[in-house]
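Visitor: Got a structure for you, written out below as structure tokens; questions coming shortly.
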Amino acid sequence: MDYLARVIEYIGDQEGFKYHARCKELKLAHLCFDDDLLLFCNGDFRSIYTLLQGFQMFSNVSVLEVNRSKSEVYYAGMCEEEIQRVSDDSGFHSGRISFKYLGVPIATTKLKAS
């Protein structure tokens, strides 16, 4: 997975790629755990497309393929037209925020103690 980290780092340096607003300072664009991969970027088509192209480059070299039936893309703050464009180009299904990852709720708002 070191190669994937290098590919994602390379993508982060590309003109037009924007990190997610809350990940920009850390230059965080992915998290890996076991056989799970989460990719993060700004919600504009160019950033999403660049990130997916980088992941495709990784897949071509490593021969690891994404299982599209088990994968989802989560959107926040994007218009329906852009969401449809990403869905059509990527082939991924749209998921709903909030969801749990490793037992931790993932949401677009701050979590409350309750």
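Visitor: Quick one: which of ASP44, ASP36 is surrounded by fewer than 16 Cβ atoms within 10 Å (Cβ to Cβ), at negative phi and either in contact with a Lys or Arg (Cβ under 6 Å, 6 or more places away or on another chain) or touching a residue at least 40 places away in the same chain (Cβ under 8 Å) (or both)?
Guide: Numbers: ASP44 fails: either in contact with a Lys or Arg (Cβ under 6 Å, 6 or more places away or on another chain) or touching a residue at least 40 places away in the same chain (Cβ under 8 Å) (or both).
Residue meeting the stated conditions: ASP36.
Visitor: Evaluate the range 90-106: report whether one residue or more is in a helix (DSSP H, G or I) and of a type outside the set (S, T, N, Q).
Guide: No, that holds for no residue.
Visitor: Filter the range 33-68 down to the residues that are within 14 Å of GLU9 (Cα to Cα) and not in a helix (DSSP H, G or I) and list them by number. Please lay out each step first, then the result.
Guide: Of all residues in the range 33-68, those within 14 Å of GLU9 (Cα to Cα) come to 39-41, 47, 50-55, 57-58.
Passing the criteria: LEU39, PHE40, CYS41.
Visitor: Among the residues of the range 9-38, write down those that are touching a strand residue (DSSP E or B) at 6+ places or on another chain (Cβ under 7 Å) and modelled with pLDDT of 90 or more. Spell out how you get there, then give the answer.
Guide: Filtering the range 9-38 for residues touching a strand residue (DSSP E or B) at 6+ places or on another chain (Cβ under 7 Å) gives 29-31, 37-38.
Residues satisfying the conditions are ALA29, HIS30.
Visitor: Follow-up question, since we're still on this one. Within the range 69-78, restricting attention to residues that are in a loop (DSSP other than H, G, I, E, B) and surrounded by 11 or more Cβ atoms within 10 Å (Cβ to Cβ), which residue is nearest to the chain's Cα centre (by Cα)?
Guide: TYR74
Visitor: Also, I was wondering about something else. What are the residues in the range 84-114 that are surrounded by 12 or more Cβ atoms within 10 Å (Cβ to Cβ), within 21 Å of ALA21 (Cα to Cα) and touching a residue at least 40 places away in the same chain (Cβ under 8 Å), if any?
Guide: The answer is VAL86, and nothing else.
Visitor: For CYS23, all conditions in the list (1) surrounded by 11 or more Cβ atoms within 10 Å (Cβ to Cβ); (2) under 24 Å from ARG68 (Cα atoms); (3) free of Cβ contacts under 8 Å to residues at least 60 places away in the same chain hold save one; what is the number of the exception?
Guide: Result: CYS23 passes all but (2).
Visitor: Output yes when any residue across the range 25-44 is closer than 19 Å to SER94 by Cα and among the charged types (D, E, K, R), and no when none is.
Guide: yes
Visitor: Just to be sure, is GLU81 within 14 Å of LEU52 (Cα to Cα) and loosely packed, with under 12 Cβ neighbours inside 10 Å?
Guide: Judged against the criteria, GLU81 is not a match.
The values are calculated or read from the model by the stated rules, or taken from the named source; none is laboratory data. Everything quoted here is computed from the prediction, not taken from an experiment. Ideal geometry is used to build each Cβ from the backbone, glycine not excepted, and the neighbour counts take in all protein chains shown.
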